[in-house]
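Undergrad: Here's a structure for you.
Just so it is clear, none of the values below were taken in a lab; they were calculated from the coordinates. Keep in mind it's a predicted model, so treat the numbers as computed, not measured. Note that each Cβ is placed from the backbone with ideal geometry, even for glycine, and that neighbours are counted across all protein chains shown.
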Amino acid sequence: MQQLKNFINGQYTLPVSNNWIDNYCPANGEVYGQIPNSSKDDVAQACRAAKNAFANWSQTTIEKRSRILLKISELLEKNLQRFAEAESTDNGKPISLAKTVDIPRAASNFRFFGNAITQFASESHESVGFNAINYTLRQPIGVVGCISPWNLPLYLFTWKIAPALAAGNCVVAKPSEVTPMTAYLLGELCNEAGLPKGVLNIVHGLGSTTGQAIVEHPDIKAISFTGGTATGAHIARVAAPMFKKLSLELGGKNPNIIFADCDYDDMLETTLRSSFANQGQICLCGSRIFVEQPIYNQFKTDFVARVKKLNVGHPAEATTDIGALVSKPHLEKVMQYVTIAKEEGGTLLCGGNKVLVKGFENGYYLEPTVIEVPTDECRVNQEEIFGPVVTLMPFTTENEALTMANKVKYGLSATLWTNNLKRTMRMSQQIQAGIVWINTWMLRDLRTPFGGVKSSGVGREGGFEALRFFTEAKNVCIKY
Ligand code: NDP
């Protein structure tokens, strides 16, 4: 059984308390490793290392920083198979997904920000009539905290770390306690790529202790967090008195609005993916499907038929479409929503049961589930389930669809399927979301701003937005 260690000051380090947490494999429900149950002392040690490294790293040339990030990206690509296997074992996601999406995307994050930093410029303003010129310095913040969730472990971990490092900060980062493995392996690659000691420190442990210690530590001046809305609100409360800079990427309950004039086959294929990719555990999944009345029955029949054909199985099998959910408590939470849906008068069109995968009967498998709901106000339509469960409802007018789409506390993403250009323009302006996809889903260009409105968070990641978050703007005014 592997015992993971913290990565502090470039070295794999035992936790001060010598306390450990079991790490479970979702595919078979067995403990297969242990991670440090890090305390405030471990976080303090990581902060000291980061603080010491900051003077040099912040003064390291952009070219050198860029070169190191590009090297990490290259090493990730070289180690694709090893990282994909680790991610799949740790998280329960199909190996095919880890290999084609998660790990390549983590490599892209380092490549993208390694390149973006070389193009990151600040503005200057000639104050005409005052004989003065203003320019803006974009300075690294210092030590920053990055806290990420379990659903896309390395993908989201590196989405924060790469821009933070590119901008010249030193980082104390915590991956989710349930998916620590690839973050653990990353330390080794950072050393190989020549990242100086202390620039990136990775501390494992529980959110309520290790995560909390990162948020509370006075040397950490900014927190980039992705996770649940309740945790985000808690972090905001803890960080507020210390005036820490915050980026919060939180939950979603995203609408997928389908009009009768869409390209039907393309829509059906993509809706299958946007509903169930990664077992529905992506914050961007379209978990509420609204279909225009004329094609509602046809869609219902075709969609359910396709969902029933999805193959739930062991994540390591190449034929698996739906792997295991991340943990037993999460599986139980998701299944609880199936019960709630039935109590609220929902009709289970397919799924809803645990799947016993032969030889792995203790794994956390659930059938992909489609529920026809009587009203958009029921709990399964309002609360984030974050599993392979989608709701289905018809609508008759554009306004009705828009009202239902916006009638949730979340506002992360939305998908529209239509070939009507004017409707596209109207609706994309009125939908309350940070991201709107038209006739596609999860097509990500890393230059674009990423984030949510309402309870889906504050701040934007992606492109120069991320580099702006990880720097302080300072105005310098020269009178001549
Ligand atoms: P959580 O909020 O439970 O946890 C996220 C991270 O925060 C974990 O590393 C967790 O540690 C840590 N954490 C928990 N409590 C604290 C605390 N008090 N102080 C500091 N850190 C803490 O989310 P999940 O891991 O369950 O992830 C799922 C959620 O993430 C969903 O709501 C999903 O929508 C959201 N998400 C949002 C995305 C976006 O971009 N908007 C993208 C992906 C997911 P530990 O795991 O050890 O408890």
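Undergrad: Kindly list the residues of segment 138-162 that lie in the label zone of Ala121, defined by a backbone N under 20 Å from the point 7 Å along the Cα-to-C-beta vector.
TA: Of the residues in segment 138-162, 138-140 have backbone N under 20 Å from the label point off Ala121.
Undergrad: Given the rule -39500 (n - 2.57) for each run of at least 4 DSSP H residues, summed and divided by the residues of the chain, what is its mean residue ellipticity at 222 nm, to the nearest 500 deg cm²/dmol? Don't skip to the answer; put the middle values down first.
TA: On the way: 15 runs with 181 residues, N = 480.
Theoretical 222 nm ellipticity from helices: -11500 deg cm²/dmol.
Undergrad: Angle, helix 153-166 long axis vs. longest principal axis of the chain, Cα atoms, 0 to 90°, nearest 10?
TA: 30
Undergrad: If you don't mind, there's one more thing I want to ask. In the chain, if the dipole is taken from +1 on Lys/Arg beta carbons and -1 on Asp/Glu beta carbons about the Cα centre, which of Ser88, Ile117, Cys190 is farthest to the positive end?
TA: Checking the options against the dipole of the chain, the answer is Ile117.
Undergrad: While we're on this one: With +1 on the Cβ of every Lys and Arg and -1 on the Cβ of every Asp and Glu, and nothing else charged, how large is the dipole of segment 398-445 about its Cα centre, in debye rounded to the nearest 20?
TA: 60
Undergrad: Here's something else I'd like to know. For segment 103-255, what mean projected area does the convex hull of the alpha carbons give, in nm²?
TA: The number I arrive at for segment 103-255 is 12.3 nm².
Undergrad: Roughly how large, in nm² to one decimal, is the mean projection of the convex hull of the alpha-carbon atoms in segment 367-436?
TA: With every direction weighted equally, the projected area is 5.2 nm².
Undergrad: Shifting gears a bit: For a quick protection proxy, order the peptides 457-469, 379-391, 159-171 by their average other-Cβ count within 10 Å, most packed first.
TA: Ranked by mean Cβ neighbours within 10 Å, highest first: 159-171, 379-391, 457-469.
Undergrad: Then there is this: Could you give the nm distance between label points at Asn353 and Leu443, where each point is 7 Å from its Cα heading toward the beta carbon?
TA: 3.9
Undergrad: Okay, next question. Is segment 290-435 rounded, prolate or oblate when judged by the Cα gyration tensor, a ≥ b ≥ c being the square roots of its eigenvalues, rounded requiring a/c under 1.5 and prolate requiring a/b larger than b/c?
TA: prolate
Undergrad: Based solely on C-alpha atoms, express the radius of gyration and the Dmax of the chain in angstrom.
TA: Answer for the chain, Rg first and Dmax second: 23.0, 79 Å.
Undergrad: Got a sec? Charge dipole of segment 212-292, +1 on Cβ for Lys and Arg, -1 for Asp and Glu; which of Thr226, Val215, Ile289 is way out at the positive end?
TA: Checking the options against the dipole of segment 212-292, the answer is Val215.
Undergrad: Also, quick follow-up: From zero up to wherever the largest Cα-Cα distance of segment 273-353 sits, split into 10 Å bins and tell me the percent of pairs in each.
TA: P(r) over segment 273-353, rounded to whole percents: 14, 45, 35, 6, 0.
Undergrad: Where does helix 80-91 land angle-wise versus the long Cα axis of the chain, in degrees 0 to 90, nearest 10?
TA: 60
Undergrad: Here's a follow-up. Report, in whole Å, the centroid distance computed from the Cα atoms of segment 177-228 and segment 106-125.
TA: 22
Undergrad: Which value, in debye to the nearest 20, gives the size of the charge dipole of the chain about its Cα centre, when Lys and Arg are +1 and Asp and Glu are -1 at the Cβ?
TA: Taking the Cα centre of the chain as origin, the dipole is about 1300 debye.
Undergrad: Next up: What spacing in nm lies between the two simple spin-label points modelled at Glu269 and Glu188, each 7 Å away from Cα in the Cβ direction?
TA: 3.8
Undergrad: Defining a contact as two alpha carbons under 8 Å apart and six or more residues distant in sequence, what relative contact order in percent does segment 255-445 show?
TA: So the answer I get is 27 percent.
Undergrad: So, one more: Once every Cα of segment 1-115 carries one equal point scatterer and solvent is ignored, give the base-10 log of I(q)/I(0) from the Debye formula at q = 0.11, 0.13, 0.23 Å⁻¹, two decimals.
TA: -0.51, -0.71, -1.16
Undergrad: Let me ask another. So for segment 303-345, what are the equivalent ellipsoid semi-axes in whole Å, largest first, each being the square root of 5 times an eigenvalue of the Cα gyration tensor?
TA: Sorted largest first and rounded, they come to 24, 17, 4 Å.
Undergrad: For the chain, what relative contact order do you get, as a whole percent, if you take Cα pairs closer than 8 Å and at least 6 residues apart?
TA: Reported as a whole number, the value is 19 percent.
Undergrad: Could you tell me how far the Cα centroid of segment 66-84 sits from the Cα centroid of segment 263-296, in Å?
TA: Each part's Cα centre sits 33 Å from the other's.
Undergrad: Please give the charge dipole size of segment 158-236, origin at the Cα centre, charges +1 on K and R Cβ atoms and -1 on D and E Cβ atoms. Round to the nearest 20 debye.
TA: Roughly 140 debye, rounded to the nearest 20.
Undergrad: Let me ask something else. Which of the lysines could be linked to Lys51 by a straight reach, that is with a Cα gap under 18 Å, when you skip same-chain ones fewer than 8 residues away?
TA: Within reach: Lys40, Lys174, Lys197, Lys221, Lys244, Lys245.
Undergrad: For segment 386-480, list log₁₀ I(q)/I(0) at each q in 0.12, 0.13, 0.15, 0.17 Å⁻¹, using the Debye formula over Cα point scatterers of equal strength and ignoring solvent, two decimals each.
TA: Rounded to two decimals, the profile gives -0.51, -0.58, -0.73, -0.88.
Undergrad: Okay, next question. Could you state the angle between the C-alpha long axis of helix 229-239 and the longest principal axis of the C-alpha atoms of the chain, as a value from 0 to 90 degrees rounded to the nearest 10?
TA: 20
Undergrad: What spacing in nm lies between the two simple spin-label points modelled at Glu74 and Asn475, each 7 Å away from Cα in the Cβ direction?
TA: Taking the simple label geometry, Glu74 and Asn475 are separated by 4.3 nm.
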